[in-house]
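Here the structure is laid out as structure tokens; the discussion comes afterwards.
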Amino acid sequence: MTVRIVEGPFDPAAELAGFARGREDVGGIASFTGIVRGEHGGESILAMTLEHYPGMTERQLARIEAEARARWPLLDVLVIHRVGRMLPGEPIVLVATASAHRAAALEACSFLIDWLKTRAPFWKLEETPSGARWVEARASDDAAAARWER
Amino acid sequence: MNGTVEDMRVRYFAWLRQRVGLAEEELEPPTEVRTVGALKAWLGERHPRFAEACAAPGVVRAAVDQEFAEDDRPLAGVREVAFFPPVTGG
């Protein structure tokens, strides 16, 4: 398993290629890539800054990853989350899961991004033409995370 | 030591950091401040804008020694408490 916080741009395609390379036990890999949108609520986004809580972030991501492994038969997990300032079109987050079969990989990938969004200490600051604003938490994200509660 | 608590580091993140005007501070709360909720109230006396943020339910979240914590979490032996708005990563 790998959990990484990165301060500069990363290449999801290259990361996924490395994740899959040389594995013959894996039957399927699922992945989610989150990208900075150039528009939010009708306003254009010039840039986005991700703040986080160093230490707690890594601890929470490791815990969420361990939970995914406890629930699904995963062969490997990769989570990369960028912090700092980034531009529209650039990747923010990559989650990838590898399993013998697709269902576990797809479900675990969905679980990981849902819980990451609601349980890892990251905060988004958007820069718009009218100024900077902190992104508000969305009830739909809480609902998505809640479907995995037991 | 004569019964006083050790210094505690209090950290603020995102817009809460901006409103308080500090990323972190080292504090020695009085002994009667025994829980996260009591610490919030005590900090609110020092930082009026922190008190304002805490007045709205569910807006200010806390972590104790880097674990999410509710208002009733005891502070005995705690080194670091953080306050922040709901998370918005991913």
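The values are calculated or read from the model by the stated rules, or taken from the named source; none is laboratory data. Note that this is a predicted model, so its numbers are computed, not measured. Every residue, glycine among them, receives a Cβ derived from its backbone with ideal geometry; neighbour counts consider all protein chains shown.
Quick notes on this structure:
- Note on region A:58-150: enclosed strands (runs of 3 or more DSSP E) holding 2 or more residues that are buried (at least 17 other Cβ atoms within 10 Å of the Cβ) are A:74-82, A:91-99, A:122-128.
- Tally of residues being loosely packed, with under 13 Cβ neighbours inside 10 Å and small (Gly, Ala, Ser) across region B:67-90: 2
- Filter result (among the basic types (Lys, Arg) and over 23 Å from residue A:118 (Cβ atoms)) within region B:40-69: B:46, B:49
- Set B:89, B:44: member being in contact with a Lys or Arg (Cβ under 8 Å, 6 or more places away or on another chain) and without any contact (Cβ under 8 Å) to a residue 12 or more places away in the chain: B:89
- Test result for residue B:7, at pLDDT below 95 and surrounded by fewer than 17 Cβ atoms within 10 Å (Cβ to Cβ): yes
- Failed item, numbered, when residue A:123 is tested on (1) more than 14 Å from chain B (Cβ to nearest Cβ); (2) touching a Phe, Trp or Tyr at 6+ places or on another chain (Cβ under 9 Å): (1)
- Selection within region A:1-58: residues that are modelled with pLDDT of 95 or more and hydroxyl-bearing (Ser, Thr, Tyr). The member of this set that is farthest from the chain's Cα centre (by Cα) is A:44.
- Residue in region B:51-62 that is buried (at least 18 other Cβ atoms within 10 Å of the Cβ) and in contact (Cβ under 8 Å) with a residue 40 or more places away in the chain present: yes
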